[in-house]
């Protein structure tokens, strides 16, 4: 132990014999303008780990951890690859918050906190420093014993473990680099920096130099308040290759995004449940085993989509019109995945002229129909698509070419007024007017109710969809605005829009969402699974979305490139 090296030495300088793995590259210089981390005295709830009490103040630090709020006030968050060492029966790991190099145990600001025996919680599907999909699971929780001052949370304060659904944030990243040549005093390093997505993974990335070995597990924090010792932790250094790129440079750093998997592990740790005893399906992740065929390069040609029970199975299928006029159907399996693709029409010139589609049970047969708005302004209803296909015989003209429907910018079927079948049609017109058509059926567009007069605000309603986001029989209207803001209008009826529920405010990432559709793809019996096709072809499902929060994210198609 006297010759201990950081658990994440692959991120930094390896010892001379190379025993700790790859050596951090010194050849790949950071791009001009890349910020540099600054050394400081640290934060009370952020610290480092040792594996013997005698090492404190004398040996290299080993990984970073941060105290997070928990029922037992004893939880420390770190990286999954750091937990590999702590789980060993002989590790005797110790957490030292706001560590001071050169000072012995009695002189540490808050003392030391031994990691409990059998108190380390790591997702059983994680594999050490993986470059595969399971690198999304590079997080872990360690429960620590109290010291003479009390439980660690009461002594140091704590951050709030905070799952997020987006990748762009302004964060403060903190860690304890152990590199003797770059941080001989073993002080804490921080960087205030924006994040972006690591393509193909459920991970954020940031660029800031100085993040050598030892920083793994360090928190990515928003809304930190030094006075109250509070803030939100939305990530930790780790992920692909242990948290750094293939060149192992010090200025590129990754972090997992906390989704349902992280929340489940946090709940296990909070309740003292063995994560190995909890049923967890094989991890599909964001990088492998996509649920729809093809890559983002192909799916950039998905022109428009509609979700509905086209097969009469009681669950949704995804109908896609491609830019070459081909139309395909991907039947849902009811568990958030899809059965083999079924071609409804081969590539053809006629269906290249599709402008919008939406799906509803306008004929009341318990099998969904497809409503098509053509670029000419013609509206056509294709009844019982699953049984009849898209033949001329199944088509009913709802409005002729040259009609006012050429100005219908967005259409979305739903059950806003209807009692049983999905026979209502929401329309956003090019002048910002918003209309609800009820009792739509074969050959009739029913009755029109004006919900909004022409206005400039609703001209920015870029995408519309509808679903049972509130869990009620009547559906809610979801709007993606030009700014990337996402809102639900709950209780929308013929009398007007329902109450606005904000999912998130203006958001740069969401300005890249180009198709939005909602179906019943999982087994909760609700039409609340949101599908998004992004500009890079990535296609994502947010399962069990509610009125004010996106559901658990699952990549269906990885992005191009």
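The values are calculated or read from the model by the stated rules, or taken from the named source; none is laboratory data. On a predicted model such as this, the values are computed, not experimentally measured, just so you know. With ideal geometry, Cβ positions are generated from the backbone for all residues, glycine too; neighbour counts draw on all protein chains shown.
Data overview
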item: Residue match in the stretch 98-121 (condition: under 17 Å from residue 239 (Cα atoms), surrounded by 21 or more Cβ atoms within 10 Å (Cβ to Cβ) and assigned by TED's automatic domain parsing to the domain that holds residue 269); result: yes
item: Residue match in the stretch 282-300 (condition: part of a loop (DSSP other than H, G, I, E, B) and modelled with pLDDT of 95 or more); result: yes
item: Among residues of the stretch 487-511, those that are over 27 Å from residue 167 (Cβ atoms) and part of a loop (DSSP other than H, G, I, E, B), counted; result: 6
item: Residue check, residue 62 modelled with pLDDT under 95 and under 21 Å from residue 215 (Cβ atoms); result: yes
item: Subset tally (residues that are surrounded by 18 or more Cβ atoms within 10 Å (Cβ to Cβ), within 17 Å of the chain's Cα centre (by Cα) and modelled with pLDDT of 95 or more) for the stretch 481-513; result: 6
item: Sole residue being at positive phi and in contact with a strand residue (DSSP E or B) (Cβ under 6 Å, 6 or more places away or on another chain), chosen from 325, 336; result: 336
item: Filter pass, residue 318 being under 26 Å from the mean Cα position of the chain (by Cα) and in a loop (DSSP other than H, G, I, E, B); result: no
item: Condition met for residue 2 (out of contact with any strand residue (DSSP E or B) (no Cβ under 7 Å at 6 or more places or on another chain) and at pLDDT 75 or above); result: no
item: Residue match in the stretch 183-197 (condition: surrounded by fewer than 24 Cβ atoms within 10 Å (Cβ to Cβ), closer than 30 Å to residue 560 by Cα and touching a helix residue (DSSP H, G or I) at 6+ places or on another chain (Cβ under 8 Å)); result: yes
item: Unique match (being in the same structural domain as residue 480 (by TED's automatic domain parsing), touching a residue at least 12 places away in the same chain (Cβ under 8 Å) and either surrounded by fewer than 18 Cβ atoms within 10 Å (Cβ to Cβ) or within 29 Å of residue 301 (Cβ to Cβ) (or both)) among 399, 393; result: 399
item: Per-region count, the stretch 418-435, residues at pLDDT below 95 and buried (at least 20 other Cβ atoms within 10 Å of the Cβ); result: 1
item: Condition check for residue 484: in the same structural domain as residue 356 (by TED's automatic domain parsing), in contact with a helix residue (DSSP H, G or I) (Cβ under 6 Å, 6 or more places away or on another chain), over 23 Å from residue 316 (Cα atoms) and in contact (Cβ under 8 Å) with a residue 12 or more places away in the chain; result: yes
item: Per-region count, the stretch 512-529, residues part of a loop (DSSP other than H, G, I, E, B) and either over 21 Å from residue 296 (Cβ atoms) or free of Cβ contacts under 8 Å to residues at least 40 places away in the same chain (or both); result: 8
